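Heads up, the thing below is written out as structure tokens.
The values are calculated or read from the model by the stated rules, or taken from the named source; none is laboratory data. Since the model is a prediction, treat every value here as computed from it, not as a measurement. Backbone-built Cβ (ideal geometry, glycine too); neighbour counts: all protein chains shown.
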């Protein structure tokens, strides 16, 4: 089993599985963020429900940490292996049908920026200012107030938008590549799967972007 996981095929499977884990989490997180449009109580109650379930919270955090470690380490090793096999990273790029997209050529740079974004996001919201509020007699953290405070800062909103645009391209290629990692990307399925990948990426990135844009333009 260990030898399989170290093999090229095994590492591609790790890339695919960990990619699916993060795709599911990102979609769920984006959907939760949409509760901000229902008002402070709905948004804060959602956040409180998550942190109150310690088993779910810690289990999810451990799964995500392991997934990102597996994803990044597999991506780095496969990239280095591919460059070694090609002989030079500066080889002439293919053209026509065999050409690669900007997103696929720059997955590493996008991933690095997104990782930095995740760390800053955690510092800002998970470990940021802790305001208190009461909803239906229950005292809880006022995440809604923190979101309004953060997303009224032009610099942070600009940084957030840039990172979400990078996430859009990263997901558009990554969601499609997941199927390739499992070896099930038949030629006749490429077109619909690419459409699915772009639809998923647009929905996720668009959902995340709607929050800071709404706060910055409406709630300043």
Quick check on residue 199: is it closer than 17 Å to residue 20 by Cβ and modelled with pLDDT of 90 or more?
yes
Wholly within region 117-220, helices (runs of 4 or more DSSP H) carrying at least 3 residues that are loosely packed, with under 14 Cβ neighbours inside 10 Å and either free of Cβ contacts under 8 Å to residues at least 60 places away in the same chain or touching a helix residue (DSSP H, G or I) at 6+ places or on another chain (Cβ under 9 Å) (or both)
154-181, 190-218
Set 21, 69, 26: member being closer than 17 Å to residue 211 by Cβ, modelled with pLDDT of 90 or more and assigned to a helix (DSSP H, G or I)
26
Residue under question is residue 64, and the condition is that it be modelled with pLDDT of 90 or more and assigned to a helix (DSSP H, G or I); does it hold?
yes
May I ask you to say which residue of 111, 96 is in contact with a helix residue (DSSP H, G or I) (Cβ under 8 Å, 6 or more places away or on another chain) and modelled with pLDDT under 90?
111
Against the condition touching a strand residue (DSSP E or B) at 6+ places or on another chain (Cβ under 8 Å), modelled with pLDDT of 80 or more and outside any loop (DSSP other than H, G, I, E, B), how does residue 48 come out, does it pass?
yes
